[in-house]
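Undergrad: Below you'll find the structure I mean.
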Amino acid sequence: MAGKRILELKNVNKRYDNVPVLKDVNLVVEEGDVWAIIGPSGSGKSTMLYCINSLEPIQSGEIIFQGKKLTDYNKLEIHESIGIIFQNYNLFPHLSVLDNITLAPYKVKKKSLNQCRKKAIELLEKVGLAHKKDAFPHELSGGQAQRIAIARSLAMEPKIMLYDEVTSALDPELVQGVLEVIKDLVREGMTSLIVTHEIPFARECTDYCLFMDDGKVGESGPTKQLLKNPKNARTKEFLEKVL
Amino acid sequence: MELISGVNLKNLIFMLKTGLTTTIYLSIIALTFGTLVGFIIGWLRTIVNEFFDGIILIFVDIIRSTPLIIQLLIAYHLPGFLGFDILTILAGSIVIVLYFAANCSQVVKAGIDSVAFNQWRASKSLGFSYFQQMRYIILPQAWRAMIPSYTGSALGIIKDTSLISVIGVIELVRSGQIIISRTLNPLPIWFIVGLIYFIVCWPLSKMSKRLEKKVQFGKK
C-alpha cells in the first residue's frame with residue numbers, strides 16, 4: 001500500500017430530519033485500500049457512502065478527499081472522482097446499454113462521442129457484456145444490469161469506488177458474476193469501500209473491515225483479524241448471525 | 001340548393017366554417033399557451049418548497065374544482081363589474097388557457113414525480129447538473145407517463161371550448177344552434193357538428209398513440 005491518504009472521515013455526524021444516522025464516524029482510507037463495511041441494516045452503512053459521494057449533506061465533522069475538504073470541491077469534481085454503485089443498479093431505462101455508459105462522459109466530461117464509445121466498449125468487454133451493448137435495461141438480468149452499472153460508473157474514471165450492497169437484490173446464482181467484476185477491479189488497485197453482507201467475499205477480497213453499529217464505528221481493523229477475533233461484543237453477535 | 005329546409009348549402013357551410021374557425025382558434029390558443037403555462041407551473045411545483053407548492057396548489061385546485069362554464073360566466077361579468085372593458089373572446093380565451101394550464105400542470109407534476117428518486121440519485125452521482133438530469137434522464141422518462149393523460153386533457157379542452165358559447169362567442173356548437181334556430185331540424189345539424197369535432201380530435205388521439213409507442217423504452 002502506497003500509504004497516501006485518499007479519504008478521511010473526521011467525526012462525521014449526519015441526521016435525517018432529527019434522527020441521527022451517523023454519529024462521530026472516523027475513517028482513514030489510503031490509496032489502494034479495500035474496505036468492507038458490515039453491520040446490521042439501519043446502522044448507517046449506505047448513508048455513509050452517500051455522504052462520501054456528497055449525495056447527502058453532513059451536519060458536522062469533515063470529509064477530506066485527496067487532501068481537500070469535500071465542501072471545498074464543486075459537486076461535479078466529486079462525482080467525477082468518486083463512483084458509486086447502488087443496490088438496485090439504477091440504470092437509465094430509456095437508454096441502451098451503450099448510451100447508459102456514454103451519456104455521462106459525453107455530456108458531463110464533454111469528451112468526444114467516439115472516445116466515449118470506444119471506452120464504453122472496452123468497459124463492456126471488461127465486465128463480459130460487450131454483446132449486450134444495444135440491449136435495453138429491461139432486457140438484462142439483475143446481475144448483468146449491475147455489471148453495466150459498474151461499467152457506467154467506471155466510464156467516469158473514478159479514483160475510488162463505493163459499492164452499496166450491490167449484490168443484495170440479486171438472485172443467488174447471479175451474485176458471483178458481479179463479485180468477480182469487483183474482484184478484478186480490486187486486483188487492479190482500485191480504492192474501494194464495499195458495503196456488503198457477503199462475509200466470505202469480504203474475507204477474501206478486502207484488506208480492512210469496518211463494523212457499523214447504530215450509526216457509530218463499532219470496530220475497525222484488518223479484515224481477517226476482525227472477522228476471526230472480533231473485540232467488540234456487538235461485532236461478535238452480528239457475525240454469529242450472518243455466518 | 002336547399003339541403004335542409006330553410007338553409008341553403010352555401011349558408012350552412014359558411015356558418016359552420018365561421019364556428020369552426022373560432023373553435024380551432026380557441027383550441028390552438030389553449031393548447032399552446034395552456035401547455036406552456038401548465039408546464040412551467042407543473043415544473044415549479046417539483047422544485048419549490050411545501051409552502052409555495054401549497055399556494056400554487058390552491059389556485060390550481062380552485063380552477064380544477066369549479067366548472068369551466070362558471071369561470072367563463074365570471075370572466076364575462078367581472079370586467080364590467082370592475083369598470084373596464086375587455087373583448088368577450090379575449091376574456092374567454094384567458095379562462096380557457098388557465099383552465100387547461102391548471103390541468104396540464106397536474107399532468108406535468110405527476111409525470112416528473114413518476115420518475116423514481118433513484119434515477120435522480122444515480123444521475124447526480126455521475127455528475128449531471130440539474131438541467132442535464134432533467135433533459136437527459138428525467139423528462140425522457142416522464143413523457144411516458146405524461147403523454148396519455150396530456151392527450152386526454154387536450155382532447156377535453158378542445159371539446160370544452162364549446163362552453164364559451166354561453167358568453168355569446170360563436171364557435172362550432174353555437175353556429176350549429178343558430179342554423180337549427182332557422183331550420184328547426186336539429187338532428188342532422190348535430191350529427192354534422194359532432195362529425196367535425198371527431199375529424200379534429202381523432203387524428204390527435206391517433207398521433208398521441210403513435211407518440212406513446214415511440215417513447216416506449218427499448219423501441220427506437
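Readers should treat all values here as calculations from the given coordinates under stated rules, not as data from a laboratory. These numbers come from a predicted model, not from an experiment. Ideal geometry is used to build each Cβ from the backbone, glycine not excepted, and the neighbour counts take in all protein chains shown.
Undergrad: Rounded to the nearest 0.05, what FRET efficiency is calculated for residue B:121 and residue B:207 with R0 set to 25 Å and r the Cβ-Cβ distance?
TA: Working: r = 35 Å, r/R0 = 1.38.
Given R0 = 25 Å and the Cβ-Cβ separation, E is 0.15.
Undergrad: While we're looking at this one, here's another question. How do the peptides B:92-102, A:206-216 rank, highest first, by the average count of neighbouring beta carbon atoms within 10 Å per residue? Show your work: numbers first, answer last.
TA: Details: B:92-102: 23.5, A:206-216: 21.6.
Packing proxy ranking, top to bottom: B:92-102, A:206-216.
Undergrad: Let me ask something additional. So how far apart, in nm, are the two label points at residue B:214 and residue A:180 if each is 7 Å from Cα heading toward Cβ?
TA: 4.2
Undergrad: At a Förster radius of 22 Å, what calculated FRET efficiency corresponds to the Cβ-Cβ distance of residue A:232 and residue A:13, to the nearest 0.05? List each step's numbers first, then the result.
TA: On the way: r = 21 Å, r/R0 = 0.94.
About 0.60, to the nearest 0.05.
Undergrad: For a footprinting-style exposure proxy, rank A:234, A:152 by other Cβ within 10 Å, fewest first. Could the numbers behind the result be given before it?
TA: Details: A:234 17, A:152 30.
The most exposed by this proxy come first: A:234, A:152.
Undergrad: A follow-up question, please. Which shape class, rounded, prolate or oblate, goes with the protein assembly as shown when its Cα gyration tensor gives a ≥ b ≥ c as root eigenvalues, a/c under 1.5 marks rounded, and past that a/b bigger than b/c marks prolate? Walk me through the numbers before you get to the answer.
TA: Working: a/c = 3.52, a/b = 2.50, b/c = 1.41.
The shape class here is prolate.
Undergrad: How far, in nm, would the chain grow between residue A:141 and residue A:76 when pulled straight, counting 0.36 nm per residue and subtracting the alpha carbon separation?
TA: Working: separation 65, 0.36 × 65 = 23.40 nm, distance 3.06 nm.
Length gained between residue A:141 and residue A:76: 20.3 nm.
Undergrad: So, one more: Between the alpha-carbon centers of the stretch B:171-220 and the stretch B:7-32, tell me the distance in whole angstrom.
TA: 12
Undergrad: For the pair residue A:115 and residue B:191, what calculated FRET efficiency results from E = 1/(1 + (r/R0)^6), where r is the Cβ-Cβ distance and R0 = 60 Å, to the nearest 0.05?
TA: Approximately 0.40, to the nearest 0.05.
Undergrad: Averaged over its residues, how many other protein chain Cβ atoms are within 10 Å of peptide B:115-124's Cβ atoms? Before the final figure, lay out the partial values.
TA: Details: counts 2, 3, 1, 5, 5, 2, 7, 14, 6, 6.
That average works out to 5.
Undergrad: Another question, then. Taking other Cβ within 10 Å of each residue's Cβ, how do A:236, B:124 sort, fewest first?
TA: Working: A:236 14, B:124 20.
Result, fewest neighbours first: A:236, B:124.
Undergrad: Let me ask you something else. Report ³J(HN,Hα) in whole Hz for each residue of the stretch B:72-78, in order, from the Karplus equation J = 6.51 cos²θ - 1.76 cosθ + 1.60 where θ = phi - 60°; Gly and Pro get x.
TA: 5, 5, 5, 4, 6, 8, 4
Undergrad: Oh, and also: Compute the Cα gyration tensor for the stretch B:11-214, then decide on rounded, prolate or oblate, letting a ≥ b ≥ c be the square roots of its eigenvalues: rounded whenever a/c is under 1.5, prolate when a/b is larger than b/c in the other cases, and oblate in all that remain. Can you show the working numbers first?
TA: Values: a/c = 3.36, a/b = 1.72, b/c = 1.95.
Here the stretch B:11-214 falls in the oblate category.
Undergrad: Still on this structure: Could you work out how far helix B:139-160 tilts from the main Cα principal axis of chain B, as a 0 to 90 degree angle to the nearest 10?
TA: 20
Undergrad: Once phi is turned into θ = phi - 60°, what whole-Hz ³J(HN,Hα) does the Karplus curve with 6.51, -1.76 and 1.60 give for every residue of the stretch A:17-30, x standing for Gly and Pro?
TA: 6, 10, 8, x, 10, 10, 10, 6, 7, 10, 7, 10, 10, 9
Undergrad: Further, regarding this structure: Taking the Cβ of each residue in A:238, B:217, B:117 as the centre, tally the other Cβ atoms inside 10 Å and list the residues starting with the fewest.
TA: On the way: A:238 22, B:217 17, B:117 9.
Ranking A:238, B:217, B:117 by Cβ neighbours within 10 Å, fewest first, gives B:117, B:217, A:238.
Undergrad: Excluding residues on the same chain fewer than 8 positions from residue B:124, give the aspartates and glutamates whose Cα lies under 16 Å from its Cα.
TA: Within reach: A:56, A:77, A:80, A:157, A:164.
Undergrad: How long is the gain from residue B:143 to residue B:44 if the chain were fully straight, where each residue apart is worth 0.36 nm and the alpha carbon distance is subtracted?
TA: Values: separation 99, 0.36 × 99 = 35.64 nm, distance 1.68 nm.
Result for the pair: 34.0 nm of gain on full extension.
Undergrad: Something else about it: Please sort B:147-157, B:203-213 by packing, taking for each peptide the average over its residues of neighbouring beta carbons within 10 angstrom, highest first.
TA: Working: B:147-157: 18.7, B:203-213: 12.4.
So the peptides B:147-157, B:203-213, ranked by packing, come out B:147-157, B:203-213.
Undergrad: Using amide H atoms built in the peptide plane, which far-off residues or other-chain residues are under 5 Å from residue A:213 H to H?
TA: HN-HN under 5 Å from residue A:213: A:218.
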